[in-house]
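J.: Let me begin by handing over the structure; questions about it come next.
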Amino acid sequence: MAKARFCNSPDCTRKTPFTPISDAAVYCCVRCKNRANYIFTNLEYEFEVLRHKERKRNIKILEYLLSVGQWRVSYELLLQMGFTFEVTYIPFVDGNHNKNMRFGNCYLKMVDQDNFEITYINN
Ligand SMILES: [Zn+2]
């Protein structure tokens with residue numbers, strides 16, 4: 001049987017040592033293990049975590065616009081809604097030289113300098 005030890009989670013509420021099931025266990029419970037991983041990821045990969053949140057917000061904005069039937073949208077409106085263009089990647093440029101950005105299941109096609117079209121894609 002493994003020796004009793006203190007939990008490694010930075011915000012564990014347990015004040016006493018726990019007896020782990022195996023020698024490798026460093027957390028007292030699944031909650032502490034998940035919480036420690038969450039804290040580590042947010043500190044160590046802060047840039048990527050933030051970018052991921054921004055991309056998810058962009059997806060919500062595009063899906064909302066499609067849900068209300070607005071598939072043509074201006075650059076200005078997207079900015080007002082909190083869209084972040086810095087997290088864009090462009091998987092392809094179409095035959096008319098329009099840049100197509102992908103966010104989740106939506107393509108955002110740049111029609112000209114100020115206007116975009118949104119299309120939903122089914123994979
Ligand atoms: Zn714990």
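J.: Which one, Asn96, Asn37, Asn105, has the greatest fluctuation when you compute a Gaussian network model over the chain with C-alpha springs under 10 angstrom?
T.: Sorting by GNM fluctuation, first place goes to Asn96.
J.: What lysines could a cross-link reach from Lys33, if we take a straight Cα to Cα line under 17 Å and drop same-chain neighbours fewer than 8 places away?
T.: Partners found: Lys15.
J.: Points 7 angstrom from Cα along the Cβ direction at Tyr120 and Phe85: gap in nanometres?
T.: 2.6
J.: Under 12 Å between alpha carbons, and skipping anything fewer than 8 positions from Lys99 in its own chain: which aspartates and glutamates qualify?
T.: Lys99 reaches Asp112, Glu117.
J.: Further, regarding this structure: Nearest 0.05, what FRET efficiency do Ser74 and Leu43 give at R0 = 41 Å with Cβ-Cβ as r?
T.: E(calc), rounded to 0.05, equals 0.60.
J.: Compute the FRET efficiency between Ala2 and Arg57 as 1/(1 + (r/R0)^6), taking r as their Cβ-Cβ distance and R0 = 35 Å, and round to the nearest 0.05. Let's see the in-between values first.
T.: Numbers: r = 44 Å, r/R0 = 1.26.
The calculated FRET efficiency here is 0.20.
J.: Find which of Ser67, Leu79, Leu43 sits farthest along the positive direction of the dipole of the chain, computed with +1 on the beta-carbon of Lys and Arg, -1 on that of Asp and Glu, about the Cα centre.
T.: Of the listed residues, the answer is Leu43.
No lab work stands behind these numbers, since they all come straight from the coordinates. Treat the numbers as computed from the prediction; the structure is a model and nothing was measured. All Cβ positions, even for glycine, are placed from backbone atoms using ideal geometry, and neighbour counts span all protein chains on display.
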